[in-house]
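Below: one structure, written as structure tokens.
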Amino acid sequence: MAQSELTQVFPTVMMRRTLTNVMPLNDRLRDIVLDRERSSEGLKASNVGGWHSSADLLEWAEPEIKTLETEIMAAGRDMTTSMLPPGIEGDADVKVFGGCWANVMRNGGYNKIHNHPGAVWSGCYYVCTGKPAPQPDFNGWIEFQDPRPGNIHGGKERICPEAGLLLLWPAWLNHFVNPFSGEGERISIAFNLDAEVVAAKPAAPKPAPASIRQAVAATVGR
């Protein structure tokens, strides 16, 4: 069989990125979120139990929030650029769509299955994961459903939260959070992004070396 006969149709891409620049700020981010929780009743969305902040988190004035915002936007641009067809270049422009908010989950809390209509990307960043009990399995894990409704085998992708981990996925993908059993707080910061590619155009071909000597020099240096 020729490889050219095969193609992937409607693949589902997901980013898993450790934010090394944000991880040292996690203790401070935790304090910021818990301070807000003490002063606000929060919202009810997909969360059952726990606390859901207002969706204006990226407007909070603390510098740690600004650092996180920079990393979120960089991830969104990288994700968008990665989806360009081969041989096409362009500048990715991403914006917040529908806000950014904090989730605080404690013993017994979970998130119902949902998606985020209208956005291009959805994502979350894990600030801390509490102290999960040994049981049940997949305690507090985020779970993504196979988007193919005819898959009788019930495909799913489960990801164990880790402090410092950022996840990014297509906003239409159904997901939920399994009930958390344990001590402390499982804090995540969730967000939605809109995205577009500005001035997409074919990639400029690289000039061919004028000689074998130049080709070798370009490859291994002088």
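The values are calculated or read from the model by the stated rules, or taken from the named source; none is laboratory data. Remember, it's a predicted structure, so these values are computed and weren't measured experimentally. Note: ideal-geometry Cβ built from the backbone for every residue, glycine included; neighbour counts use all protein chains shown. Keep in mind that these areas ignore ligands, DNA and RNA; they rest on the heavy atoms of the full protein, side chains included. Shrake-Rupley method; radii C 1.70, N 1.55, O 1.52, S 1.80 Å.
Which residues, taken from segment 109-151, are within 16 Å of E183 (Cβ to Cβ) and without any contact (Cβ under 8 Å) to a residue 12 or more places away in the chain?
Result: P134, single match.
Given the criterion open to solvent by less than 100 Å² (accessible area, probe 1.4 Å) and within 25 Å of P170 (Cβ to Cβ), identify the matching residue among L19, L34.
Checking each option against the conditions leaves just L19.
Take the residues of segment 50-105 that are small (G, A, S) and assigned to a helix (DSSP H, G or I): which is farthest from the chain's Cα centre (by Cα)?
This residue is S82.
Condition check ((1) of a type in the set (F, W, Y); (2) at pLDDT 85 or above; (3) under 30 Å from P85 (Cα atoms)) across all residues:
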site: D146; (1), (2), (3): no, yes, yes
site: G150; (1), (2), (3): no, no, yes
site: E183; (1), (2), (3): no, yes, no
site: K206; (1), (2), (3): no, no, yes
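Keeping to segment 132-158, report how many residues are of a type in the set (A, V, I, L, M, F, W, C), over 19 Å from A102 (Cβ atoms) and under 14 Å from the mean Cα position of the chain (by Cα).
Residues that pass the stated criteria total 1.
Within segment 54-92, take every residue that is acidic (D, E) and over 19 Å from D27 (Cβ atoms) and give me the one that is most open to solvent (accessible area, probe 1.4 Å).
Only one residue fits best here, namely E59.
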